[in-house]
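All remarks here apply to the structure that follows.
The values are calculated or read from the model by the stated rules, or taken from the named source; none is laboratory data. In this text the structure is predicted, and so the values were computed from the model without any measurement. Please note: Cβ atoms are built from the backbone with ideal geometry, for glycine as well, and neighbour counts cover all protein chains shown. Ligands, DNA and RNA are stripped out before the accessible areas are found, and what is left, the full protein with its side chains, is counted by its heavy atoms. Shrake-Rupley method; radii C 1.70, N 1.55, O 1.52, S 1.80 Å.
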Amino acid sequence: MTESGNGTPIPTVDLNDGRPIPQIGLGTYAMTGDEGVAAIDAGIAGGYRLLDTAVNYQNEREVGRAIAESPVAREDLFVTSKIPGRHHGFDEAIASTEESLARLGLDRLDLHLIHWPNPSVGKYVDTWRGLIELRDRGLVTSIGVSNFTADMLTELIEATGVTPAVNQVELHPYFPQTALVDFHRSIGVQTESWSPLYRDGGLFAEDPITEAAAAHGVEPAQVVLRWHVEIGSIPIPKSANPARQRTNADIFGFSLTPAEVAAISGLERGRMKDRDPLTHEEM
Ligand SMILES: NC(=O)C1=CN([C@@H]2O[C@H](COP(=O)(O)OP(=O)(O)OC[C@H]3O[C@@H](n4cnc5c(N)ncnc54)[C@H](OP(=O)(O)O)[C@@H]3O)[C@@H](O)[C@H]2O)C=CC1
Ligand SMILES: O=C(O)C(=O)[C@@H](O)[C@H](O)C(=O)CO
């Protein structure tokens, strides 16, 4: 257990491979250059131990710089990256991951994900076999996927016998993905929420969120992020602002009532535009 910048401990949960993962992480999308390194430095100093990056964020070097200059021991950090669609395939996934490790300056990733399934390409099972090989070689500790549907997860498990540890998906009060989260729970997959704050797109003014914030004496963002924890998902909010980073991580000193959770989940209206993994593909 680590402490957030406000001194609230950040607990962990165990993945289906027995590895502990922090219950909140720092999203690093768009954190590039010296400013990006400073933002990631601040996140680690503020208590984050889970760092979420990807080949396509073009910031693995920045994440690696922050890790190298951090006083926090490498073994206390949990680093996630993601294989892009243009690197789908068994051999391609292995080569891509070796390049990611070189950019990060690491000898191992804690978690590595297939970033998007890209179903029209038809190689996500081969890519999954590549991740299994990488895990067996010790280059990756836990393996998972992102933006996979229940049917895609079932296909991976039936083809390889290996269940992903994580499925990182779009998840926020406007898109709670209740059926998928329940399916994950039924097969032992840990849900991670991307865009957990809906990119600050108006969520914080919704009545169920402002009312819960007033009731608990916290910020709306803390209510939203606590909601993720209550529904069993790990949020990975992005903030480059050290004060907001610390506020976001400070969500383990209070809990929401079942009625508050239900009211927030009742804000459901659908996913972000054009982000359906059956049709949205990223190379
Ligand atoms: N696997 C996938 O396909 C995807 C993965 N991701 C991952 O998820 C992470 C988070 O998602 P992202 O899309 O970045 O968006 P988020 O939902 O995390 O929202 C980030 C935005 O909210 C603002 N913000 C953060 N905290 C607060 C706060 N307490 N109060 C007010 N505003 C706040 C940030 O501004 P500021 O920085 O100024 O605080 C930023 O503009 C990404 O960084 C990435 O790691 C994202 C999309 C897809
Ligand atoms: O941020 C990520 O991991 C992505 O996959 C992005 O492409 C994301 O989907 C996005 O919306 C970028 O604007």
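Overview of values
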read-out: Output for segment 228-283, where each listed residue is among the acidic types (Asp, Glu) and more than 21 Å from the chain's Cα centre (by Cα); value: Glu260
read-out: Index of the failed condition, Glu170 passing every other in (1) among the acidic types (Asp, Glu); (2) over 30 Å from Gly270 (Cα atoms); (3) touching a strand residue (DSSP E or B) at 6+ places or on another chain (Cβ under 7 Å); value: (2)
read-out: Segment 163-180: number of residues that are open to solvent by less than 10 Å² (accessible area, probe 1.4 Å) and either away from ligand 2 (no atom under 16 Å from the Cβ) or aliphatic (A, V, I, L, M) (or both); value: 7
read-out: Residue match in segment 119-131 (condition: in a loop (DSSP other than H, G, I, E, B), under 17 Å from the mean Cα position of the chain (by Cα) and under 27 Å from Leu278 (Cβ atoms)); value: no
read-out: Within segment 190-210, considering residues that are open to solvent by less than 10 Å² (accessible area, probe 1.4 Å) and of a type in the set (A, V, I, L, M), the one modelled with the lowest pLDDT; value: Leu203
read-out: Restricting segment 264-281 to residues that are in contact (Cβ under 8 Å) with a residue 12 or more places away in the chain and open to solvent by 50 Å² or more (accessible area, probe 1.4 Å), the residue that is farthest from ligand 1 (Cβ to nearest atom); value: Gly266
read-out: Filtered residues of segment 126-137 (kept if under 29 Å from Pro235 (Cβ atoms) and open to solvent by 10 Å² or more (accessible area, probe 1.4 Å)); value: Ile132, Arg135
read-out: Residue within segment 113-129 that is basic (Lys, Arg) and out of contact with any Phe, Trp or Tyr (no Cβ under 9 Å at 6 or more places or on another chain) present; value: no
